[in-house]
Amino acid sequence: MGGDLWIDSEVGVGSTFHFTLPYKKAPDDSIQDVEDVPENSVRTIMSGRILVAEDDAVSRKLVTKMLEKAGYDVVLAENGRIAVSKFEADRKIDLILMDVNMEIMGGLEATTRIRGMEANNRCERRIPIIGFFAAAVNGDR
């Protein structure tokens, strides 16, 4: 895309991720005044169906509250096997947030299976999948 990505990191303190992306200024006649923007436009922009695959109950609850507050519909899966089943059954999912480390079936295997479904033309479009994991104890680093 022509941008840059870099990280500033300090052990025991944390990391800051930076990025730049080039853009072209929009023509002045394409910019709407605030009065011209429909009241529900924010809700329209911040909408969609997100499948959250997370095995930790507290994390599931937190993510659900945050996403619902932002206007998203949330579908929950407690492990990768359930995530694959829910994805297969629900064609209205717009995004998947996938925990990498889950019991029963991990996020990587679940992602591979979902991508397999897409490759076999069992899906109308390729759904973005964002993988994540949390390291809570020193042994996980």
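The values are calculated or read from the model by the stated rules, or taken from the named source; none is laboratory data. Keep in mind the model is a prediction, meaning the values are calculated, not measured. FYI the Cβ positions are ideal-geometry reconstructions off the backbone, even for glycines, and counts take in every protein chain you see. These area figures cover heavy atoms from the full protein model, side chains too; ligands, DNA and RNA do not enter into them. Shrake-Rupley method; radii C 1.70, N 1.55, O 1.52, S 1.80 Å.
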Counting only residues in the range 4-53 that are in a loop (DSSP other than H, G, I, E, B) and at pLDDT 80 or above, the one most open to solvent (accessible area, probe 1.4 Å) is identified as VAL11
Result of the Cβ filter at 9 Å on the range 110-139, keeping first residues that are under 18 Å from ALA77 (Cβ atoms) and partners that are modelled with pLDDT of 90 or more and among the polar types (S, T, N, Q), at least 6 apart or interchain, is ALA110/ASN79; ILE129/THR111; GLY131/THR111
Could you tell me whether any residue of the range 94-116 is part of a helix (DSSP H, G or I) and over 14 Å from ILE129 (Cβ atoms)?
no
- Task: Could you please let me know if MET105 is open to solvent by less than 40 Å² (accessible area, probe 1.4 Å) and out of contact with any Lys or Arg (no Cβ under 6 Å at 6 or more places or on another chain)?
- Result: no
* Taking LEU62 as the residue in question, decide whether it is out of contact with any Cys (no Cβ under 8 Å at 6 or more places or on another chain), farther than 23 Å from GLU109 by Cβ and either at pLDDT below 85 or open to solvent by 90 Å² or more (accessible area, probe 1.4 Å) (or both). => yes
